[in-house]
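Here the structure comes first, spelled out in structure tokens, and everything after it is commentary.
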Amino acid sequence: MRRQSVAATALWIVGSALKTAAANPIQSAVAATLCRRTPKTKLMTERIFNFSAGPAVLPIPVLEEARAHLLALPGVGMSVIEISHRSKTFDEIIQGAETGLRDLLSIPKNYAVLFLQGGASLQFTMVPMNFLSLDENADYILTGSWGKKAIKEAQKCGEVNLGADMSDGGFTRVPTQEELQLGDDARYVHITSNETIEGVQWKSEPDTGDVPLFSDSSSDILSRPIPIEKYGLIYAGAQKNMGPSGVTLVIIREDLLPHIPKGKPTMLDYRTHVEHKSLYNTPNTWGIYIINLVCKWLKEKGGLEAMQQENEAKAKLIYDAIDATDFYRGHADPDSRSIMNVTFHLPSEDLEKKFASEATAAGMDGLKGHRSVGGIRASIYNAFPREGCEALVEFMKEFEKKNG
């Protein structure tokens, strides 16, 4: 039997349906559907304001370049998701991503940069597995929900002391230096630099003395300059400010590596990935490619100093709107407010549900607060446009007029 093309088959179906339309209304409807040339809807052609906490909004120029080269990289003839991770082409990509991060964050030469998998959630286990034994202790400063998850995994490896526990106040702030209770014998001190759920952010690093400072910086990495030399280890999921989900950045001071006990599972040993330059197994080639593009975009914008100014200005628009009325109530204390995740409440849970629903209908998606705390959360990462913050502020004013 002669093979028919998809187009020919469709035309045959349409023709047959039209011939019998009067006798068969269902077939008539099928024909009408196939014949109709539906114009692209607004959602297909226009981007809405994406306030999602992660995976989150990416820069338009990055998406456009990735789209243009998705089918075939220039001069390569293959897509970036098809090329070998051992190829010269990908070697240039991963080296470009590492160089971009080193330049933006001013990472010293004695720090290794790793592109791993498993997200920050795997790092909750990998960090203590490498640096904490059953007869040792580490200090964890608890400022929110993600810190709780990190502590839960660390307790399976050794003793965890709470350098500060901010849960009694509902995780509304970070502790002062005077409130910290840190031990001189701790293997490390762990913080979560920005709690996405509660919208609480460290504005400066705690003084940990000679004890290495480790940080989960998933939701504010690349949003501002940070003094890398104050840290022993930083880890961050890429899906907030760096790229798509599936890549985990780890920045580790190399003098810590000899302290890792022998016999750790190969894939969970930081030394494996340092030795093999993140290529022991097949990495997320697509994600690393996007990180490389994001780094270039950030450099074009003026680097992290310029990005911080822009982020602070965006956040201020929304916080000013919150503080201007009693109808909205910010969750975090003013001196601990995140510039990445703005969290607030309305007078009732029903109003919060209505707010999130109507905002989505107005083209502002992802504003519903995390299920564990409720309320509203506006995640405004690096690539989120100022126009989206302005639109949210106008929506907040109108919503209060109608429901206040």
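Observations, loosely collected:
- Once the gyration tensor of the Cα atoms in the range 83-132 is diagonalised, the equivalent ellipsoid follows with semi-axes of 24, 17, 9 Å, ordered largest first.
- Helical mean residue ellipticity (222 nm; -39500 (n - 2.57) per DSSP H run of 4+; nearest 500) of the chain: -12000 deg cm²/dmol
- Semi-axis lengths (Å, descending) of the ellipsoid that matches the C-alpha gyration tensor of the range 133-206: 20, 14, 9
- Estimated Rh, the range 62-300: Kirkwood, alpha-carbon pairs, angstrom: 18.5
- When the convex hull of its Cα atoms is projected in every direction, mean area for the range 112-249 (nm²): 7.7
- With the simple model of a label 7 Å out from the Cα in the direction of the Cβ, residue 181 to residue 371 spans 3.4 nm.
- With a simple spin-label model that places each label point 7 Å from the Cα along the Cα-to-Cβ direction, the separation between residue 159 and residue 333 comes to 2.9 nm.
- Alpha-carbon Rg/Rh ratio, for the range 203-303, with Rh computed the Kirkwood way: 0.98
- For the pair residue 76 and residue 95 in one chain, pulling the backbone fully straight at 0.36 nm per residue adds 5.1 nm over the alpha carbon distance.
- The long axis of helix 285-300 is offset from the longest Cα principal axis of the chain by roughly 80 degrees.
- Dipole magnitude (debye, nearest 20) for the chain, charges at Cβ of Lys, Arg, Asp, Glu: 2600
- Against the rule of thumb 2.2 N^0.38 Å, how large the Cα Rg of the range 243-396 comes out: 1.37
- Translational diffusion coefficient of the range 80-182 (Stokes-Einstein, Kirkwood radius from Cα pairs, 37 °C, 0.692 mPa s): 197 µm²/s.
- Charge dipole magnitude, Cβ of K and R +1, D and E -1 - the range 62-300, Cα centre, debye nearest 20: 860
- Placing pseudo-labels 7 Å out from each Cα toward the beta carbon at residue 360 and residue 152 gives an inter-label distance of 2.6 nm.
- Straight-distance candidates among the lysines for linking to residue 149, with alpha-carbon spacing under 23 Å and chain neighbours fewer than 8 residues away dropped: 203, 240, 264, 368.
- In the range 164-213, the convex hull through the Cα atoms has an average projected area of 3.6 nm², a quarter of its surface area.
- Figure legend: label point modelled 7 angstrom from the Cα of residue 402 along Cα→Cβ; residues of the range 345-364 with amide N under 15 Å from it are 351-364.
- Global geometry of the chain, whether rounded, prolate or oblate, following the gyration tensor of its Cα atoms and the 1.5 cut on a/c: oblate
FYI, it's all coordinate maths here, none of it is from the lab. None of the values given here were measured: they were computed from a predicted structure. Because the Cβ atoms are built from the backbone with ideal geometry, glycine has one as well, and the counts that use them run over all protein chains shown.
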